[in-house]
Structures are given as C-alpha cells and as structure tokens.
Amino acid sequence: MYKVSSKAAKKRLTNHLTAYAFCAPWMIGFVCFTLFPTIFLFAVSLTNRKLNGISKYIGLANYINMFQSSTFWNSLWVTLFFTIVMMIVTTIWAVVMALLLNYRQKLNGLFQFCYFLPSVIPTVALAYTFRTIFGKEAGLLNGIISAMTGKNAMVNWLYDSRTVYVALFFITLFTYNTGQMMLIFRSGLNDVPRELYEACNIDGASPFQKFFKITLPMISPIVLFNAIMGCISALNGSFALLYPLTGENGDPNGMSQVLSLLIYKEAFSNMKVGYACAMSVVLFLIACCFGIGIFAISKKIVYYEN
Amino acid sequence: MRRKKLWGRIFLTAAIVGVLAGCSSKGGETTGSSAEKTKKEEGQKVTIAVWNEPNKDEALNMYAQAEKATGIKVEVTVIPESDYSSKLNQMVSTGDDSADIYVIWENDIANFAKAGGIIPMDDYLKNSSIQTGDFIDAVSSLSSGLGGTYGLPWCAATELLFYNKDMFDSAGIPYPGNDWSYEDYKSAAEKLTKKKADGTTEQYGSALPNTQTWWAGIGGAGDKVYDPSKGEMVIGDGAVSFVSDVATMAKNGIMPEPSSDTADIFASGKAAMSWQGSWNIGTYGSSLPFQWDIATIPTDKVKYNTLHTGFYSINAKSKNQDAAFRVIEYLMGEEGQNINSKASGNPSAIKSIAEKGAWKVESASSVKNWEAMTDSLKAGVFGYTCLPSGVTNNAVSEFNAAVLGQKTPEEAVKKADAYARETIGY
C-alpha cells in the first residue's frame, strides 16, 4: 500500500515538474522581459534618472511635476481621444471590409490581397509614404485634387487643425492592426451558421436587420477581442505611425502628441528618463483601465453562444 | 656570502625597476619614448562614432587619411543624426566600449563629463602639437568650467543666407551683402515673390526658417536665446517679434507655411533666399541648376549667429585611449582640419588654420562672397545648440503653430518658455 502511494506521489511530482519544465521558457521570458522591466519602470519613475545614467531618488516629484504640466494634460486628452476614435474607426472599417470580402464573388482573393498588402508594409514606411501623399505643395493628393477640379489645391493636410485628424485616421485604416482585424473578422463571419440567415430570408429581414440581429451578435466576442487589441495598439503602437508623420511634438500645436510620443521626447530628446518612466506608468494604467472597461461593457453586449 | 648579498641586491633592484616600469607603461602617457608608443599603437583599431557618412572621395575622407598617417585602423560608426545624441547617452549609461572616440554635441559635453563617460585630455595635451590656445573664443568659453579639457572642436560651422543669383538678376535687385539689414532682407523677399493668377505663390521670396535658423532670427531680434551661466533658454520680445514677422510673411505668401513637404525649396528653385547652415555649401557644391552665393544672416537689432560644432572626446571605457588620442591629434592637426574643411565647407575652430581658407569649397564655384563666412563666425555664439533638443524642437513647433495662425506669437513664445522652464535643470 505504502509502495503504491509513494509511486503515485512520485509520478505526480514528475508530472508537475514536467509541466513546470514546459512552462519554464515562457516563465523565464515573462520574468526577464515583462515583469522585471515593469518593476524597474516603477522604480525608475521615482528617480531623476537621465539617459546617461545619472540617477537620484526623488520620491514622487516626477508625478507631481507631471500632473502640473499642461503639456502632459494635453497629451493625455489627445491619447484618450486618439485611442477611442482610432479603435472605433479601425474596428468599423475592418468589419465593413470583412463583410464585403465575405460576399461570394469572383476575384475575392485578389481583393483581399490588395486590401491586406498595405498592412504588411512596415508602419514607418507607410507613414513616410502618406507624409508625401499629404504634402501641401508637392503632395500627391493635392495634385490629384488639382487635376480633377482644375483649381490649385493647397490643403495643408497634416498641419491644418481642421484636416489633421481626418488625414491621420484615414492612414490608420491601412495599418497592420486594421488588416489583421479584417482577417479575424472574416474568419469569424465564416463561422456564423448559414441557417440563421436562411431563417431571416424566410422572415423577410432586410440586410441591415440581418447584420444587426444576426451577424453582429454572433461575432461580438471577436469584436471585443479586436476592440481590446485595437485599443492597446492605439495606445502603444501609434508611436511608429505618428512620429514620422507629425514628429515628437505632435504637430500641429500638439494636436497629435499622444503619450507615447511625449514619453519618447522626454526620454530621448530631453534625456529625462525618470520623468518618462513616470509617464509610462500612467500609460500602463490607462491601458489597464481600457482593458477592464471594455471587459466590463462586454458582459452586457457580447453574446457567447454557449 | 657577500657575493650572494650583492646578487640579491641586484635582483631586488631589477625587480623593483621592472615593477615600476610595468606600472608606468600601463599609464602610457607618462613614460616611454614617443616612437615606442607610436609603434605600440600602430595596427590597433580605433572606432569613432559620428552622425554623417565619411566623404566618398578618399582624399577628402579625414578618417581614411588619419589611418594612413597614424597606422592605426580607424573604423567609423555612423549613427543617424536624429538619434545621435540619445544613442551616445545610452552608450555612456551602459558603459559601452564599442566606440573609442565620440564626436559629441555642445549640449552633451558637460553631462558626459559629469557622468564620467569621457576622460579629460589634459595629460595628453601637455605633450601634444594641438594648438588649444588658438581656438576661437566661443569654443574656449564653452569648455571652461568643466574642470578639464574633455573635448576638442572638430570644426566651427555657422549659419548663412543662401541666395539664388538668377532670381535676384531677373528681379533687378542687388545681391545681399554682409552688411544687409533685416529690413533689406524683408523688402527683397517681398519683391522676389512671384504669384500665380489664383493668388498662390509660384516663387517664394524666402524659405521658412528651419529648426536651426529660427534661433538666428530670434537672437538677431534681441533675445539672448541661451544663458550659459544658468544653462537656460532666454526668449521673449525678440522671439515674439521674429515669429510675428515670419507669420506675416507666410500669410502673404512670401514664405511657405509649415507643412509636411520635405523638399528643399531653395535647392529646387522655388525660393530666392534661405537661411541655412554653412555645411550646405559642401552639400550644394556645383549641383544646383542655378547660380547661387552666400551672405551673412541679415542684421536686425543685433548681429547674431549660432555656432555649431562637435567635440572629439575619448570614451572613458575605451581600451585604446592612447591610440584614440593619436587619431584625434591627427584630426585636430592642420592636415586633418583642412581635409574636414574641404569636405564640409566648415572652417576650423583653430584660428590660424581657419585663416588659410581651406573651407572655401572648390566645387561651389558660384560662391564669391567667402567673406560672409568669416564675418558670420565673428558674430557666432553657442546658443540653442547648448539646450536639450526636446526643448528647442518644442519651441519651433510652437512657433510653427503661431505661423499657421493656431495661436498668437505671444502665446507660442510663452508656452515654449514655460516648457523650457519645466524641462531644463531636471
């Protein structure tokens, strides 16, 4: 009896150790590249560390200075605005594109390839391309408008406060994140049972009714996933898009200076690493709040079949 | 027994001498003949970090020439200009020894010295041929207060008015002189502007100031720009006045407004004048499809010009410090300085070398007013370049917002000043 239980315990231990061994690579990666940097980030935010390494503990001074800075508050509002609008715009666009591509028609693969192609271009290259397109005097878009209207179009797309957001959100439609969302939505749409649409057809439902009563509820878990990913992408990944387009100051007049740009500016142009870390902590908390908020809302609006 | 003692003493003396010799040779610079040191350094490799590509013409490549002259292999690490300062700061922070020589910017030298990232070169300079007493005054004053000589200026660049002679000829306007006033400049810019029938501008009188030359305008309008005693940015009425002028000129189509266009409108023949760095003389050379020349930046209330340089300095973590200094010694010598001047169009910061005029770039055959360079250098001070780039770039963004009519010049200057105050002295 004793022998049997000892053998079982040994087997259980071996099983546990095997499981831990399989988990170990991820755990080591998580500790080294996520947990430690996050803790280090919090620690550095309490110092006046400069980029050249000089550092002294200053308590909460970085946070106090940050909350007194009008530049920070402007950046915070821009970040919230940019994140929410970008998330909505890119999600809606990805759903629309997925719906269009979901119609059974000839050359569907070609359309999908053409739409997805800009998404695989590195974001920085994409941004520089659009910077050229949206130029004022030598921009391609103004050239096309001039040719079409016969008038000399001189719209300052990226520097005029009335057009900068239109231009920026338009560019976000071509990023990798939006392309990826479209593919995920497309696969989700394929999983919606055809019988439901057939039943709708029998009942005489309109395409809009079919979309809002069948399609959207059925793909709502995917909408939730994409919304979260889009949100995190807008918060953390917008830097690569905005830096080449509007610079570290978020021109014009700080209208596009999201927190990631300001963090870069403080750390690498002003060499204020401690201060930049304090801002990163705020960005981290905002990302957490967005995630929690979306999950909270999702409980009411997301439909899980099972 | 006596003989044993004698041998013992001889061995002991030899051992002590040997140990002392070993210790001193580790320091390198205090003992040993120069020839021995040179021999030791030959064949070593020294890496230098810079932000611009070495000249493709080997005769104008000062690093290739330094290699030939010293026998030390010189490897050049080019770091893009936009990331240059931050990369070097990170290298200092992590104790990186991949670069033996840094060419560091004005706003970094004090911080690097304070962080122990670079070494004082005073011991080396004692036995060196580098003419440190002959540096232009601005360089000497910038280096003072660091407690040693941590860097040696690789050149002295300045800012100039570049103008299109063909456009001046066609408008019948006399060429700018070094005594041009700011009013002369504004008046000429207006006359040189050509508009299309729909009111849009076909030819601008002047290009918009760039991130560097905004400060020449502000300094010329009477602001101090940079206070070296406090390390602060000092802008006020002068900045408001200059920003207002630029805004008016942009509104009237004399200057283009800030935009995402990246083309150089002077080089593309769309603007008659442009305020730019002297290094563009070498860049333009004979490549422009029109005749052009240079003049001193027009004088407003004050004759003001921003000096630019970089400092050769030795990485404190370098394992090849002696060899690194030998390379610097060549680069700071007459031959090295002349090659640099010929390649870049920037004069040497050593007055006696600069006077010989190697900076008169041969390929820039249309330039006649070389006096503009020496005149500009006389008025040159280290200004905005001593401030963190985040602060000055932020100010330029504010000025651009005012030019675009998104805020008043007063608001822009006030906001730029407030940001500088919360940033500097961190």
key: Only one of A:F134, A:F130, A:F116, A:F169 that is more than 13 Å from chain B (Cβ to nearest Cβ) and modelled with pLDDT of 90 or more   = A:F169
inquiry  = Which of the helices (runs of 4 or more DSSP H) found entirely inside the range B:325-415 contain at least 3 residues meeting this: away from every other protein chain (no Cβ under 14 Å), among the aliphatic types (A, V, I, L, M) and touching a strand residue (DSSP E or B) at 6+ places or on another chain (Cβ under 9 Å)?
reply    = B:371-378
request  = Could you name every one of the strands (runs of 3 or more DSSP E) located completely within the range B:39-118 that has at least 1 residues being surrounded by fewer than 21 Cβ atoms within 10 Å (Cβ to Cβ)?
outcome  = B:45-50, B:73-78
message = Of all residues being at the interface with another protein chain (Cβ under 7 Å from one of its Cβ atoms), crowded, with 23+ Cβ neighbours inside 10 Å and touching a residue at least 40 places away in the same chain (Cβ under 8 Å) in the range A:254-273, which is nearest to A:T71 (Cα to Cα)? Just the residue, please.
response = A:K272
inquiry  = Given the criterion closer than 30 Å to B:A110 by Cβ, surrounded by 15 or more Cβ atoms within 10 Å (Cβ to Cβ) and of a type in the set (V, I, T), identify the matching residue among A:V95, A:V85, A:V44.
reply    = A:V44
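Which of the residues spanning the range A:137-158 are aliphatic (A, V, I, L, M) and within 13 Å of chain B (Cβ to nearest Cβ)?
In the first step, residues of the range A:137-158 are kept if they are aliphatic (A, V, I, L, M); the result is A:138, A:140-141, A:144-145, A:147-148, A:153-155, A:158.
Hits for the range A:137-158 are A:A138, A:L140, A:L141, A:A153, A:M154, A:V155, A:L158.
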query = Within the range B:376-390, how many residues are closer than 13 Å to B:V234 by Cα and more than 12 Å from the chain's Cα centre (by Cα)?
reply = 1
task = Can you tell me which residue within the range B:217-244, out of those that are within 14 Å of chain A (Cβ to nearest Cβ) and either closer than 30 Å to A:I133 by Cβ or hydrophobic (A, V, I, L, M, F, W, C) (or both), is surrounded by the most Cβ atoms within 10 Å (Cβ to Cβ)?
result = B:V243
ask   = under 23 Å from the mean Cα position of the chain (by Cα), free of Cβ contacts under 8 Å to residues at least 12 places away in the same chain and surrounded by fewer than 18 Cβ atoms within 10 Å (Cβ to Cβ): does that describe B:D198?
value = no
query = For the range B:245-259, does any single residue satisfy the condition of being more than 27 Å from A:G250 (Cβ to Cβ), within 14 Å of chain A (Cβ to nearest Cβ), buried (at least 20 other Cβ atoms within 10 Å of the Cβ) and hydroxyl-bearing (S, T, Y)?
reply = no
ask   = Taking the range B:146-195, which residues are hydrophobic (A, V, I, L, M, F, W, C) and in a strand (DSSP E or B)?
value = B:L152, B:A157, B:L160, B:L161, B:F162
query = Quick one: how many residues across the range B:236-266 are closer than 13 Å to B:N210 by Cα, of a type in the set (S, T, N, Q) and assigned to a helix (DSSP H, G or I)?
reply = 0
inquiry  = All but one of (1) outside the structural domain of B:Q276 (by TED's automatic domain parsing); (2) of a type in the set (G, A, S); (3) closer than 30 Å to B:Y226 by Cα hold for B:A372; state the number of the condition that does not hold.
reply    = (1)
query = Do you know which residues across the range A:21-54 are of a type in the set (S, T, Y) and away from chain B (no Cβ under 14 Å)?
reply = A:T34, A:T38
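The values are calculated or read from the model by the stated rules, or taken from the named source; none is laboratory data. Quick caveat: nothing in here was measured; it's all calculated off a predicted structure. Because the Cβ atoms are built from the backbone with ideal geometry, glycine has one as well, and the counts that use them run over all protein chains shown.
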